[in-house]
Each structure stands twice: as C-alpha cells, then as structure tokens.
Amino acid sequence: MDSFIVSARKYRPVTFDTVVGQKSITNTLKNAIRNDHLAQAFLFTGPRGVGKTTCARILAKTINCENLNDKIEACDACEPCKAFNESSAFNVHELDAASNNSVDDIRKLVDQVRIPPQIGKYKVYIIDEVHMLSAQAFNAFLKTLEEPPKYAKFILATTEKHKIIPTILSRCQIFDFARITVDDIAKHLHFVAEKEGVKAEHNALHIIAQKADGALRDALSIFDQMVSFSGNHLTYKQVIENLNVLDYDYYFRITDMLLKGQSTEILLLINEITYKGFEGSEFIGGFSEHLRNLLISQSPATVQLIEVSDDIRAHYLEQARQCSPEFLLKALEINTQADLNYKESNNKRLTLELALLQMAAFSKKKSPELTEEKPTLAPPQAPEKTPLSATAPPPLAPSFKAPAKEDAGTGPLPSFSEAQRHEEEPAEETTPTIETKPAPPKTSFKPFSLKIHDAPQEETEDEELPEFTEDQPQDSISINSFLTAWKTLAETFTEDSQSLYVAMTNYEPSITPSGMIRVKVDNAIQENLIYERKAELLGYLRKELNNYAIQLETSIAETQRQQKAYLPKEKLDKFIEKNPDVEKLRKDLDLDLIY
C-alpha cells in the first residue's frame, strides 16, 4: 500500500508557470534570470500558503539548470535538476530560522558560504521564517548578506516582515506575495479534482476557496479533508455541513423577509439557524458580507468584486434589483452596530433579533401621515374637520373669543403663558370660541423663499401666502389643539430638516384671538427656514385646525443680558450689604480677604 501524500505536497508547483496567483512575481524573477540581473539576496514576504517557499525552491533550481528553455524553465534533465528533484542537491541549503536562530547557527552558515558549489553555478541558501532570528544573529549576518561571494545567493522567506530589522531589509530585493483570489484557488482545486478523479460541484470548490482565506495550501488541505468525508463525489451541501458554513440561501431568505417586513418569519428562521448550531456572531459576520455583496451588485461595474460562483452572482444581481441603496446602507449600519455590541451583550440572541427587527421596520417604514397630507399649491376645497387624537392631553386652558369685527385687532394680544391665562381668564365666563377676522379672498397662492438678510420681522408678505374666502371654514381653535397640531407638524421635519424642527420647537408658539401665530426663534437663519416653508406650514395648520384665517409671523428672541463679572472685594461688599452680621464676624475673628 502506497503512503498517502497530501495534495499540497503532491501538486506543489515545480515551474514558474505552474505557480498560482503570483504572475507579477514569477515574471519578474524570470526576466531577472534571462537578463542576468540576479540580486545577491531576496526577501519573499506575504501571508501563509501563497507560494513563498515554493518560489524560492523554483528559483534555486532554475538558476542552477544547465539547459534552460526559451520560457526560462528548468529542463529536469541535467545533473543539477535531477539532484534537486531527488532532494540530494549539495548546492541548495534550506534553513529553518525558527529552530536555528542563534549567533552560532549564523556563524556556521557563514563558514559554509566560503565553500564554492561542486555542481551547478550558484550556491543557494533558503532561510524560512527568517523573522525568528535573534537581533544578534541578524547583526552577525549583515556583512555576508551584503557582500557574499559571486556564487552565493540568499532567499529569505517570512510572514512577518515588520519583525525584520531595517538593515536586513535594505540589503534585499523585497517581493510581496499577495493573497490568492478565490477564483484562482477554485480553478486550481478543479484541476486537482480532475487529476484525483473526484467529481466536485463548482459551488463546493468555491466554498472551500473562500474558507481558505487566500491560502492555497489551506485550500488543498480542506479539499483532502472533504474527499475523505464524502468520497469521490463532492457536493455543496456536504461541504457546508462539514465546514460548518451557513448556506447562502439563509441570507437570501432573510433579506427577502426584511424587504417584506415579515418579523414573525424572521424570528422563526433565526431560531432554525440557532438550532443547527450556528453562533449569532457567525451569522452577523456572514450577513455583513451578504449586504456588502448586494450593495456592490447595484452597479454592473462593481459586480465582479463579488468572489462567488457565477450562479450565486446571478442570484445577487436579482436580489439587488429589489433593494434600495438606502435600505442596504441602513441595514449595514445596524448590523455593524450589532456586531460591536454582541460580545458585550448578556442576551446575545436578543441583540441579533433586535437588529433584524430594526432592519425590517426600516424597510417597511412609510412617510408619516402628516407628510402625506401636506397641501398642494392649489387652494384646498372645503376640507372636513380632522378630529383630535384620542390620546391628546386635556385642554390646557379655555379658548378665547375674538372681539367683534369692528373691534378686531384692537387692545392687547394675549399670549398663552401660564401666568397670563390665569390673569386674563374671566371669572364667570363659559368656554367661548374663536372667531377670526376674514381677509380679502384670494384664489391661489405659491410658496416663496427669502434670503436671510431679507427675512422680515413682521408679516409683510400676506399677498404671497395662502388666503381664505368667507365661505371657507373658520372653526374655533383651542390652545390644546393648536399646540398638538404644531408639535405633530414639527416632528414631520425630524428627518427632512432637523434645523427646521429645532427652530419650531425651541420656543412654545402662541396664537392670538385674531388667528395670528407668533413664533420666536434664536436668529435670522432659523427665521429664514420658517419663512421658506411658511406656505407649507400654514397649509397644514389651516387644514388640520379647519380654520383658513390663520396667519404666521416670526420674531427673534432677545438674548439674555451678560452678567457682570465682579471682583472678590465687590462680591464681599455685596454679601455684607445683604448680611451685616458677616462684617461683625470678620472683625471679631480678624479675617481678611485673600486674593
């Protein structure tokens, strides 16, 4: 019975052309050999399993080959090539720096360098995991590395370049090996599967390639494990079960449920995923990648960035057409926050479920009712009175009755502060209603905008604002209904215009018996914001309160007076003035002021 050789060793590349995913590096090395521009030292750095040691061995074999072909590949027929293939070459030395990292080990290497090669042109030293050398060993190696004999070549390999001292780096040609792409790994796995007589599904090989995280050696190890598990027929289902990978189908189903706002179905599917043994952190990480792929699929130019098989990429394109970029960005934001909170959460499952329910709520969120009922530019046609909400708080104070038409507008205009309501409230008067003064009829209106320096302090643009005719409703307005409508209207701008929301809620507005709404703001910028949306605000309030005589004006609130800064002596004098006994106490105890 022949001993089993793992695929990572059995199918290890032996020529530059068979190296997977490092074309730029292999082409550079071949050109250096062709033009006889070989450096005395090379540093191969990059992640694990990407071909650093393999390329070092191929380079050592190629530069010693006596019969290179036109493609700068070793002939495998000359004596140096045969000795290398049989692992009996005396001119190629491999050193593991993890176990030979002392000064004495480097001194032995330096002594060997003085002996020229007996077969071949070059004596090559491959030092793997070179970052494990001690600082003293690096320093002992500097002179030899910089000025070796002409026949000596050094190839250093490491996964942690940052641990190598700069004086070593400056003496080497550095080649950075990149992670191998999923497509390249999948193609190589397909080649190995054909050689081994294994029938493998394309999606199954892609899952193995993704699990390897850019390392071809890891991918081949996983491939051997899967073949041992499933035999000569490798399926997608077997791979995801054995590798404990969540199926793509779950992510697609969850996304469909989020788009439809199916909260119940989402919770049931999460329960199914948990029952299969998957951790919530695994789902959150995989769902982040799924949302990222959907976002990339929004544009045909970026869809190739998705490292999946063609049929799954087509599924991504199909679902991406159903998702808006706003939903995907919001879902990514919620999912990322859940990922950050998951480890510290006491109830981890609730953290996951809450994040998904937030996404579902956002996907089916519609514009508020108030936004949908905004008036159009045409005059409203006798709208019906909108009843107050059943949850509205009780009236704050009785409503006011406007004076007779001949007296309308005369006398002080009451505001609705608490003190004024008690002072101006008649002793034995029943709850009256507001009657407003009609204004000249106008058939249409259009919104307008003002520059900040043009914002008027008083209402001077009535001819540009929506007016009412005498046949339109003029219902009485209670303070409670007005404040409720104003607050509800302001909340519709929390997402559309946060600045306008702040301007409307900084101060409580008031309304006069004649129907004039007075709003205080902090500055001219806020005043301009209200004037730009004035027609919209009035249109909603008139419709909501069923009174088309309402007008609106703004004013800038007075700033608080700056307090005078007193000196310590002045403070003491002021305190003594209010409390004379303090001066007596100061004299009795012989106290003085410390500055």
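For H162, indicate whether it is under 29 Å from A178 (Cα atoms) and either in contact with a strand residue (DSSP E or B) (Cβ under 6 Å, 6 or more places away or on another chain) or touching a residue at least 60 places away in the same chain (Cβ under 8 Å) (or both). If you could, list the steps in order and put the result at the bottom.
Numbers: under 29 Å from A178 (Cα atoms): yes; either in contact with a strand residue (DSSP E or B) (Cβ under 6 Å, 6 or more places away or on another chain) or touching a residue at least 60 places away in the same chain (Cβ under 8 Å) (or both): no.
Spelling it out, it is not the case that H162 is under 29 Å from A178 (Cα atoms) and either in contact with a strand residue (DSSP E or B) (Cβ under 6 Å, 6 or more places away or on another chain) or touching a residue at least 60 places away in the same chain (Cβ under 8 Å) (or both).
Take the residues in region 538-558 that are in contact with a Pro (Cβ under 8 Å, 6 or more places away or on another chain) and either part of a loop (DSSP other than H, G, I, E, B) or not polar (S, T, N, Q) (or both), then tell me which one is surrounded by the most Cβ atoms within 10 Å (Cβ to Cβ).
Step by step, filter region 538-558, then rank; the result is Y548.
Only one of these is in contact (Cβ under 8 Å) with a residue 40 or more places away in the chain, more than 22 Å from F4 (Cα to Cα), in contact with a Lys or Arg (Cβ under 8 Å, 6 or more places away or on another chain) and buried (at least 19 other Cβ atoms within 10 Å of the Cβ): G261, G214. Name it.
Matching residue, one of G261, G214: G214.
Here is a list of conditions, (1) among the polar types (S, T, N, Q); (2) modelled with pLDDT of 90 or more; (3) within 29 Å of R179 (Cα to Cα), and T255 meets all of them except one; can you say which number that is?
With (1) among the polar types (S, T, N, Q); (2) modelled with pLDDT of 90 or more; (3) within 29 Å of R179 (Cα to Cα) applied to T255, the lone miss is (3).
Can you list the helices (runs of 4 or more DSSP H) found entirely within region 285-369 that contain at least 1 residues being polar (S, T, N, Q) and within 17 Å of the chain's Cα centre (by Cα)?
Ranges flagged: 325-342, 348-363.
Out of region 103-130, which residues are closer than 21 Å to K161 by Cα and either surrounded by fewer than 15 Cβ atoms within 10 Å (Cβ to Cβ) or under 46 Å from the mean Cα position of the chain (by Cα) (or both)?
I126, I127, D128, E129, V130 - these are the residues of region 103-130 that are closer than 21 Å to K161 by Cα and either surrounded by fewer than 15 Cβ atoms within 10 Å (Cβ to Cβ) or under 46 Å from the mean Cα position of the chain (by Cα) (or both).
For region 312-336, which positions are polar (S, T, N, Q) and closer than 22 Å to V182 by Cβ?
Passing the criteria: only Q319.
What's the number of the only condition in (1) without any contact (Cβ under 8 Å) to a residue 24 or more places away in the chain; (2) touching a helix residue (DSSP H, G or I) at 6+ places or on another chain (Cβ under 8 Å) that L268 fails to meet?
(2)
Could you list all residues from region 306-350 that are without any contact (Cβ under 8 Å) to a residue 40 or more places away in the chain and of a type in the set (S, T, Y)?
Y316, S324, S345
Any idea which of S297, S288, S309 is closer than 30 Å to V198 by Cα and among the hydroxyl-bearing types (S, T, Y)? Step through it out loud before you land on a result.
Numbers: S297 fails: closer than 30 Å to V198 by Cα; S288 fails: closer than 30 Å to V198 by Cα.
The unique qualifying residue is S309.
Provide a single number: the residues in region 235-272 that are in a helix (DSSP H, G or I) and more than 30 Å from H190 (Cβ to Cβ).
Total meeting the criteria: 16.
Please indicate, with yes or no, whether at least one residue in region 45-65 is surrounded by fewer than 13 Cβ atoms within 10 Å (Cβ to Cβ) and in contact with a Cys (Cβ under 6 Å, 6 or more places away or on another chain).
There is no residue in region 45-65 that is surrounded by fewer than 13 Cβ atoms within 10 Å (Cβ to Cβ) and in contact with a Cys (Cβ under 6 Å, 6 or more places away or on another chain).
Which of (1) on the phi > 0 side of the Ramachandran plot; (2) under 40 Å from the mean Cα position of the chain (by Cα) does S24 not meet, given it meets every other one?
Evaluating S24 over (1) on the phi > 0 side of the Ramachandran plot; (2) under 40 Å from the mean Cα position of the chain (by Cα) leaves (1) as the failure.
Hey, could you check region 497-511 for residues that are in a loop (DSSP other than H, G, I, E, B) and hydroxyl-bearing (S, T, Y) and say which is modelled with the highest pLDDT?
This residue is Y507.
So which of A485, A490, A535 is buried (at least 17 other Cβ atoms within 10 Å of the Cβ) and more than 17 Å from Q551 (Cβ to Cβ)? Let's see the steps before the verdict.
Values: A485 fails: more than 17 Å from Q551 (Cβ to Cβ); A535 fails: more than 17 Å from Q551 (Cβ to Cβ).
It is A490.
Test V239 against the stated conditions and say whether it is surrounded by 15 or more Cβ atoms within 10 Å (Cβ to Cβ) and more than 30 Å from the chain's Cα centre (by Cα). Break it down into steps so the answer makes sense when it comes.
On the way: surrounded by 15 or more Cβ atoms within 10 Å (Cβ to Cβ): yes; more than 30 Å from the chain's Cα centre (by Cα): yes.
It is true that V239 is surrounded by 15 or more Cβ atoms within 10 Å (Cβ to Cβ) and more than 30 Å from the chain's Cα centre (by Cα).
All but one of (1) more than 21 Å from V130 (Cβ to Cβ); (2) at pLDDT 90 or above; (3) crowded, with 19+ Cβ neighbours inside 10 Å hold for G21; which doesn't?
Against the list (1) more than 21 Å from V130 (Cβ to Cβ); (2) at pLDDT 90 or above; (3) crowded, with 19+ Cβ neighbours inside 10 Å, G21 comes up short only on (2).
Does F252 meet the test of being assigned by TED's automatic domain parsing to the domain that holds L291 and among the aromatic types (F, W, Y)?
In short, yes.
So which residues in region 150-164 are surrounded by 14 or more Cβ atoms within 10 Å (Cβ to Cβ) and of a type outside the set (F, W, Y)?
If the condition is that a residue be surrounded by 14 or more Cβ atoms within 10 Å (Cβ to Cβ) and of a type outside the set (F, W, Y), then A152, K153, I155, L156, A157, T158, T159, K161, I164 are the ones that fit.
The values are calculated or read from the model by the stated rules, or taken from the named source; none is laboratory data. Everything numeric in this text was worked out from a predicted model, so none of it was measured. Here Cβ is always computed from backbone atoms with ideal geometry, including for glycine, and neighbour counts include all displayed protein chains.
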